[in-house]
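Visitor: Dropping the structure in here first, questions after.
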Amino acid sequence: MSTRLSVVVALLLAGMATTAAQTDRPLARAEIWDLKIGAPVSEQPDDFIEFACGTGGGPPGLPLKGFADFKRCRPDPSGWREVYFRYDDELEYWARANNLEGEIDRYGGTRTYGFPIVVSALIADDGILRGIRIVSDPRFDTNRDEAYLLKNFLTARLGRENWSCVDLPAEDGETPVDGVFFKQRCEKPLDGDKSAAMLVKHMRKAGQERFDPRSGKQTINQFESSVRFEIVNK
(Lines give C-alpha, C1' and ligand atoms only; values in the text may rest on other atoms or scores of the structure.)
Protein backbone atom coordinates (compact mmCIF):
# COMPACT_ATOMS: atom_id res chain seq x y z
CA MET A 1 0.00 0.00 0.00
CA SER A 2 1.40 3.40 -1.00
CA THR A 3 2.15 6.03 1.64
CA ARG A 4 -0.56 8.34 0.26
CA LEU A 5 -3.15 5.55 0.32
CA SER A 6 -2.15 4.63 3.89
CA VAL A 7 -2.75 8.23 4.99
CA VAL A 8 -6.17 8.28 3.30
CA VAL A 9 -7.17 5.01 4.99
CA ALA A 10 -6.00 6.28 8.38
CA LEU A 11 -8.01 9.47 7.97
CA LEU A 12 -11.10 7.51 6.97
CA LEU A 13 -10.77 5.23 9.99
CA ALA A 14 -10.30 8.21 12.30
CA GLY A 15 -13.37 9.85 10.79
CA MET A 16 -15.41 6.67 11.27
CA ALA A 17 -14.28 6.42 14.89
CA THR A 18 -15.20 10.06 15.53
CA THR A 19 -18.59 9.60 13.86
CA ALA A 20 -19.25 6.46 15.91
CA ALA A 21 -18.30 8.26 19.12
CA GLN A 22 -20.61 11.15 18.27
CA THR A 23 -23.41 8.76 17.36
CA ASP A 24 -23.07 6.88 20.63
CA ARG A 25 -23.00 10.10 22.67
CA PRO A 26 -25.74 10.13 25.33
CA LEU A 27 -28.21 12.99 25.37
CA ALA A 28 -27.28 16.08 27.40
CA ARG A 29 -27.77 15.40 31.08
CA ALA A 30 -30.28 17.20 33.25
CA GLU A 31 -29.01 19.70 35.83
CA ILE A 32 -30.56 21.50 38.78
CA TRP A 33 -31.31 24.47 36.53
CA ASP A 34 -33.78 22.25 34.65
CA LEU A 35 -36.05 21.90 37.70
CA LYS A 36 -39.30 23.88 37.48
CA ILE A 37 -40.00 25.82 40.66
CA GLY A 38 -43.74 26.04 41.24
CA ALA A 39 -44.52 22.84 39.34
CA PRO A 40 -45.42 19.44 40.88
CA VAL A 41 -42.82 16.72 41.29
CA SER A 42 -44.54 14.73 38.52
CA GLU A 43 -43.41 17.40 36.03
CA GLN A 44 -39.76 17.49 37.11
CA PRO A 45 -37.00 15.75 35.13
CA ASP A 46 -36.23 12.39 36.72
CA ASP A 47 -32.99 11.45 34.96
CA PHE A 48 -30.86 12.06 38.05
CA ILE A 49 -29.27 9.42 40.29
CA GLU A 50 -28.77 8.58 43.98
CA PHE A 51 -31.86 10.32 45.31
CA ALA A 52 -31.93 10.63 49.10
CA CYS A 53 -33.30 12.79 51.87
CA GLY A 54 -31.27 15.97 52.13
CA THR A 55 -29.43 17.10 55.24
CA GLY A 56 -29.49 20.87 54.93
CA GLY A 57 -27.12 20.88 51.98
CA GLY A 58 -24.87 18.20 53.45
CA PRO A 59 -24.28 14.54 52.50
CA PRO A 60 -27.22 12.27 51.60
CA GLY A 61 -29.48 10.70 54.19
CA LEU A 62 -32.22 8.09 53.69
CA PRO A 63 -32.09 6.69 50.11
CA LEU A 64 -35.09 7.39 47.86
CA LYS A 65 -36.23 6.16 44.47
CA GLY A 66 -37.00 9.65 43.17
CA PHE A 67 -38.65 12.98 43.86
CA ALA A 68 -42.00 11.23 44.34
CA ASP A 69 -40.68 9.70 47.59
CA PHE A 70 -40.23 13.14 49.16
CA LYS A 71 -42.68 12.47 52.01
CA ARG A 72 -40.25 9.91 53.45
CA CYS A 73 -38.05 12.85 54.41
CA ARG A 74 -38.59 14.89 57.54
CA PRO A 75 -39.81 18.46 56.97
CA ASP A 76 -37.38 21.27 57.71
CA PRO A 77 -38.37 24.33 59.85
CA SER A 78 -40.17 25.83 56.83
CA GLY A 79 -42.27 22.67 56.46
CA TRP A 80 -40.59 21.68 53.20
CA ARG A 81 -38.83 18.37 52.53
CA GLU A 82 -35.35 18.35 51.04
CA VAL A 83 -34.50 15.76 48.39
CA TYR A 84 -30.81 15.31 47.56
CA PHE A 85 -29.71 13.97 44.16
CA ARG A 86 -26.71 13.70 41.87
CA TYR A 87 -26.26 14.28 38.16
CA ASP A 88 -26.29 11.21 35.92
CA ASP A 89 -22.70 10.14 35.18
CA GLU A 90 -23.38 8.43 31.84
CA LEU A 91 -21.90 11.36 29.88
CA GLU A 92 -18.76 11.29 32.01
CA TYR A 93 -18.28 7.56 31.28
CA TRP A 94 -18.84 8.20 27.57
CA ALA A 95 -16.24 10.99 27.60
CA ARG A 96 -13.70 8.80 29.41
CA ALA A 97 -14.26 5.95 26.98
CA ASN A 98 -13.49 8.31 24.10
CA ASN A 99 -10.58 10.09 25.86
CA LEU A 100 -12.25 13.48 25.53
CA GLU A 101 -10.47 15.50 28.22
CA GLY A 102 -12.62 18.61 27.82
CA GLU A 103 -15.83 16.62 28.07
CA ILE A 104 -14.52 14.65 31.05
CA ASP A 105 -13.90 17.91 32.91
CA ARG A 106 -17.30 19.26 31.89
CA TYR A 107 -19.32 16.20 32.90
CA GLY A 108 -17.22 14.90 35.78
CA GLY A 109 -19.37 14.70 38.92
CA THR A 110 -22.11 17.04 40.03
CA ARG A 111 -20.84 20.51 39.20
CA THR A 112 -21.87 23.96 38.08
CA TYR A 113 -19.44 26.30 36.36
CA GLY A 114 -16.70 23.79 37.16
CA PHE A 115 -17.30 23.85 40.94
CA PRO A 116 -18.27 20.63 42.78
CA ILE A 117 -21.67 21.12 44.43
CA VAL A 118 -24.33 19.41 46.53
CA VAL A 119 -27.78 19.94 45.02
CA SER A 120 -31.26 19.38 46.40
CA ALA A 121 -34.92 20.13 45.75
CA LEU A 122 -37.22 21.69 48.37
CA ILE A 123 -40.71 20.22 48.14
CA ALA A 124 -43.90 21.21 49.98
CA ASP A 125 -46.38 18.66 51.33
CA ASP A 126 -48.67 19.25 48.35
CA GLY A 127 -45.94 17.94 46.05
CA ILE A 128 -45.04 21.34 44.59
CA LEU A 129 -41.35 22.18 44.12
CA ARG A 130 -40.84 25.32 46.18
CA GLY A 131 -37.13 25.80 45.74
CA ILE A 132 -33.68 24.58 44.80
CA ARG A 133 -30.52 24.56 46.90
CA ILE A 134 -26.88 24.56 45.79
CA VAL A 135 -24.05 24.22 48.31
CA SER A 136 -20.36 24.07 47.39
CA ASP A 137 -19.05 20.57 48.10
CA PRO A 138 -16.00 20.56 50.41
CA ARG A 139 -15.37 16.85 49.87
CA PHE A 140 -13.36 17.59 46.71
CA ASP A 141 -9.94 19.25 46.65
CA THR A 142 -10.61 20.68 43.18
CA ASN A 143 -11.05 24.44 43.53
CA ARG A 144 -11.70 23.99 47.25
CA ASP A 145 -9.84 27.18 48.15
CA GLU A 146 -11.72 29.08 45.43
CA ALA A 147 -15.24 27.86 46.20
CA TYR A 148 -16.35 31.32 47.31
CA LEU A 149 -15.74 32.55 43.74
CA LEU A 150 -18.79 30.55 42.63
CA LYS A 151 -20.72 33.60 43.83
CA ASN A 152 -19.60 35.54 40.75
CA PHE A 153 -21.04 32.96 38.35
CA LEU A 154 -24.36 32.67 40.21
CA THR A 155 -24.90 36.42 40.39
CA ALA A 156 -24.07 36.69 36.68
CA ARG A 157 -26.55 33.92 35.86
CA LEU A 158 -29.39 35.82 37.54
CA GLY A 159 -28.17 39.26 36.48
CA ARG A 160 -25.75 41.35 38.49
CA GLU A 161 -28.23 44.14 39.16
CA ASN A 162 -30.60 44.41 42.16
CA TRP A 163 -28.60 42.22 44.52
CA SER A 164 -28.68 43.41 48.11
CA CYS A 165 -25.50 42.29 49.90
CA VAL A 166 -24.40 42.75 53.49
CA ASP A 167 -20.87 42.12 54.76
CA LEU A 168 -21.09 40.15 58.00
CA PRO A 169 -18.67 40.83 60.87
CA ALA A 170 -16.08 38.30 61.92
CA GLU A 171 -16.98 36.31 65.02
CA ASP A 172 -14.46 35.37 67.69
CA GLY A 173 -11.63 33.34 66.21
CA GLU A 174 -12.52 33.97 62.56
CA THR A 175 -9.51 35.21 60.58
CA PRO A 176 -8.53 35.85 56.92
CA VAL A 177 -7.09 33.22 54.59
CA ASP A 178 -3.84 34.57 53.14
CA GLY A 179 -5.10 38.10 53.74
CA VAL A 180 -8.61 37.50 52.37
CA PHE A 181 -11.68 37.55 54.63
CA PHE A 182 -15.07 37.25 52.98
CA LYS A 183 -18.36 36.72 54.79
CA GLN A 184 -21.38 38.06 52.99
CA ARG A 185 -25.13 37.49 52.70
CA CYS A 186 -26.88 38.48 49.46
CA GLU A 187 -30.53 38.50 48.36
CA LYS A 188 -32.36 39.32 45.16
CA PRO A 189 -36.08 39.40 44.24
CA LEU A 190 -36.93 37.44 41.10
CA ASP A 191 -39.98 37.23 38.83
CA GLY A 192 -43.24 36.35 40.53
CA ASP A 193 -42.89 35.44 44.18
CA LYS A 194 -39.44 33.90 43.75
CA SER A 195 -36.32 35.18 45.44
CA ALA A 196 -32.65 34.19 45.55
CA ALA A 197 -30.44 34.16 48.64
CA MET A 198 -26.77 33.38 49.04
CA LEU A 199 -24.31 33.08 51.94
CA VAL A 200 -20.65 33.27 50.94
CA LYS A 201 -17.64 32.61 53.19
CA HIS A 202 -13.88 32.57 52.79
CA MET A 203 -12.09 32.54 56.14
CA ARG A 204 -10.48 30.48 58.87
CA LYS A 205 -12.84 29.47 61.65
CA ALA A 206 -11.88 29.41 65.31
CA GLY A 207 -9.17 26.79 65.86
CA GLN A 208 -8.06 26.73 62.22
CA GLU A 209 -4.50 27.88 61.57
CA ARG A 210 -2.23 28.21 58.55
CA PHE A 211 0.62 26.58 60.46
CA ASP A 212 0.36 23.81 63.02
CA PRO A 213 1.34 25.39 66.36
CA ARG A 214 3.10 22.17 67.45
CA SER A 215 5.04 21.14 64.35
CA GLY A 216 5.24 24.48 62.57
CA LYS A 217 4.25 22.75 59.33
CA GLN A 218 1.67 24.28 57.00
CA THR A 219 -1.78 22.83 57.51
CA ILE A 220 -4.01 21.44 54.75
CA ASN A 221 -7.59 22.60 54.20
CA GLN A 222 -7.88 24.38 57.53
CA PHE A 223 -10.23 27.05 56.19
CA GLU A 224 -13.78 27.46 54.96
CA SER A 225 -14.48 28.61 51.43
CA SER A 226 -18.13 28.08 50.60
CA VAL A 227 -21.30 29.23 48.88
CA ARG A 228 -24.81 28.37 50.00
CA PHE A 229 -27.38 29.39 47.38
CA GLU A 230 -31.15 29.02 47.17
CA ILE A 231 -33.99 30.06 44.92
CA VAL A 232 -37.38 29.71 46.59
CA ASN A 233 -40.99 30.50 45.81
CA LYS A 234 -43.05 30.94 48.95
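The values are calculated or read from the model by the stated rules, or taken from the named source; none is laboratory data. Keep in mind the model is a prediction, meaning the values are calculated, not measured. Cβ: placed from backbone, ideal geometry, glycine included. Neighbour counts: every protein chain shown.
Visitor: If you go through segment 52-81 one residue at a time, how many are touching a residue at least 12 places away in the same chain (Cβ under 8 Å), more than 20 Å from Gly109 (Cα to Cα) and touching a Cys at 6+ places or on another chain (Cβ under 6 Å)?
Guide: 2
Visitor: Of the residues in segment 151-161, how many are at pLDDT below 95 and under 15 Å from Leu199 (Cβ atoms)?
Guide: Of the residues in segment 151-161, 0 are at pLDDT below 95 and under 15 Å from Leu199 (Cβ atoms).
Visitor: Tell me which of these Val119 doesn't satisfy, since it passes every other one: (1) over 18 Å from the mean Cα position of the chain (by Cα); (2) closer than 29 Å to Lys234 by Cβ; (3) of a type outside the set (S, T, N, Q).
Guide: All conditions are met except number (1).
Visitor: Scan segment 203-221 residue by residue and report those that are of a type outside the set (Lys, Arg) and either modelled with pLDDT under 85 or under 16 Å from Phe153 (Cα atoms) (or both).
Guide: The answer is Gly207, Gln208, Glu209, Phe211, Asp212, Pro213, Ser215, Gly216, Gln218, Thr219, Ile220, Asn221.
Visitor: Output the qualifying pairs, or none if there are none: Cβ atoms under 7 angstrom, residues six or more apart or on different chains, first residue in segment 163-174 and touching a residue at least 12 places away in the same chain (Cβ under 8 Å) and of a type in the set (Asp, Glu), second residue surrounded by 11 or more Cβ atoms within 10 Å (Cβ to Cβ) and assigned to a loop (DSSP other than H, G, I, E, B).
Guide: Pairs that qualify, where the first residue is touching a residue at least 12 places away in the same chain (Cβ under 8 Å) and of a type in the set (Asp, Glu) and the partner is surrounded by 11 or more Cβ atoms within 10 Å (Cβ to Cβ) and assigned to a loop (DSSP other than H, G, I, E, B), are Glu174/Lys205.
Visitor: Could you list all residues from segment 140-158 that are in a loop (DSSP other than H, G, I, E, B) and without any contact (Cβ under 8 Å) to a residue 24 or more places away in the chain?
Guide: If the condition is that a residue be in a loop (DSSP other than H, G, I, E, B) and without any contact (Cβ under 8 Å) to a residue 24 or more places away in the chain, then no residue fits.
Visitor: Are any of the residues in segment 14-29 of a type outside the set (S, T, N, Q), touching a Phe, Trp or Tyr at 6+ places or on another chain (Cβ under 9 Å) and either in a helix (DSSP H, G or I) or modelled with pLDDT of 90 or more (or both)?
Guide: Yes: segment 14-29 contains one or more residues that are of a type outside the set (S, T, N, Q), touching a Phe, Trp or Tyr at 6+ places or on another chain (Cβ under 9 Å) and either in a helix (DSSP H, G or I) or modelled with pLDDT of 90 or more (or both).
Visitor: Cβ-Cβ distance below 9 Å, separation of 6 or more or different chains: which pairs start in segment 191-217 with a residue that is over 22 Å from Tyr148 (Cβ atoms) and surrounded by 10 or more Cβ atoms within 10 Å (Cβ to Cβ) and end on one that is at pLDDT 95 or above and not aliphatic (A, V, I, L, M)?
Guide: Short answer, once both residue conditions are applied: Asp193/Gly38; Lys194/Gly38; Lys194/Gly131.
Visitor: Let me ask something else. Confirm whether Arg228 is of a type outside the set (Phe, Trp, Tyr), surrounded by fewer than 19 Cβ atoms within 10 Å (Cβ to Cβ) and touching a residue at least 60 places away in the same chain (Cβ under 8 Å).
Guide: Details: of a type outside the set (Phe, Trp, Tyr): yes; surrounded by fewer than 19 Cβ atoms within 10 Å (Cβ to Cβ): yes; touching a residue at least 60 places away in the same chain (Cβ under 8 Å): yes.
The answer is yes for Arg228.
Visitor: Could you check Val166 against (1) in a strand (DSSP E or B); (2) within 14 Å of Ser226 (Cβ to Cβ); (3) not assigned by TED's automatic domain parsing to the domain that holds Phe85 and say which number it fails?
Guide: (2)
Visitor: Right, another one. Kindly establish whether Phe182 is buried (at least 18 other Cβ atoms within 10 Å of the Cβ) and touching a residue at least 24 places away in the same chain (Cβ under 8 Å).
Guide: Details: buried (at least 18 other Cβ atoms within 10 Å of the Cβ): no; touching a residue at least 24 places away in the same chain (Cβ under 8 Å): yes.
Taking the combined requirement at face value, the residue does not satisfy it.
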